[in-house]
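Trainee: The structure under discussion is supplied below as structure tokens; questions concerning it will follow.
The values are calculated or read from the model by the stated rules, or taken from the named source; none is laboratory data. Remember, predicted model here, so these are calculated numbers, not experimental data. Every residue, glycine among them, receives a Cβ derived from its backbone with ideal geometry; neighbour counts consider all protein chains shown. With ligands, DNA and RNA removed, areas are computed over all heavy atoms of the protein, side chains included. Shrake-Rupley method; radii C 1.70, N 1.55, O 1.52, S 1.80 Å.
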Amino acid sequence: MASDTIQALADILLEPDGKLKDLSDKKGRLKLLDAITNNCAKQDETKVLMFKLPQSIAKVIPAKVNAELCDDDRKRIDNLQAHYFKVFLLGIASAILFGFLFVITVYKSWKFNDVKEQHELYYKHKQEIIDFGKYIKNRYPDTFTSWEETRQRATEDGDN
């Protein structure tokens with residue numbers, strides 16, 4: 001078994017003529033160096049082409065272009081000219097409508113402020129009455145009780 005192991009190790013490390021094998025893979029290194037050299041050459045070529053690119057694009061762009069309308073486009077333009085007055089009137093009507101809506105909105109907002117002020121005054125007046133009633137109830141409970149009884153009798157007499 002030891003001799004088989006020594007023989008396998010010798011096959012790995014030695015050439016058939018007895019010289020040591022070159023384990024450094026010179027062929028692989030040469031291929032890698034060739035690939036790196038080719039890559040550098042392609043990069044240099046690409047740099048030159050990129051430098052020339054704006055000039056080559058400028059040569060391809062035409063100095064002027066003749067644009068012509070097709071028959072369908074001419075028909076559309078003629079149709080627009082024929083209906084121009086209707087479109088113009090529609091625009092004016094839309095502007096008037098939006099202006100009218102704006103004026104109504106401003107007017108309603110103004111009226112709402114007036115109504116709001118009236119409601120605030122009404123609330124303030126009612127709050128003063130409530131505060132006065134609480135004051136009378138706390139300071140003069142007999143007067144308040146007498147007033148409440150009189151009010152209940154008046155309500156009962158009015159219901160009958």
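Trainee: Based on this model, can you work out whether Val65 counts as open to solvent by 80 Å² or more (accessible area, probe 1.4 Å), β-branched (Val, Ile, Thr), out of contact with any His (no Cβ under 7 Å at 6 or more places or on another chain) and assigned to a helix (DSSP H, G or I)?
Mentor: No, not satisfied.
Trainee: Out of curiosity, is Asp157 open to solvent by 80 Å² or more (accessible area, probe 1.4 Å) and out of contact with any strand residue (DSSP E or B) (no Cβ under 6 Å at 6 or more places or on another chain)?
Mentor: Considered against the rule, which asks whether it is open to solvent by 80 Å² or more (accessible area, probe 1.4 Å) and out of contact with any strand residue (DSSP E or B) (no Cβ under 6 Å at 6 or more places or on another chain), Asp157 comes out as yes.
Trainee: Sticking with this one: How many residues are of a type outside the set (Asp, Glu) and surrounded by 10 or more Cβ atoms within 10 Å (Cβ to Cβ) if we restrict to segment 8-29?
Mentor: 7
Trainee: Also, I was wondering about something else. Which ones in segment 68-91 are open to solvent by less than 100 Å² (accessible area, probe 1.4 Å) and of a type outside the set (S, T, N, Q)?
Mentor: Leu69, Cys70, Asp72, Asp73, Ile77, Asp78, Ala82, His83, Val87, Leu89, Gly91
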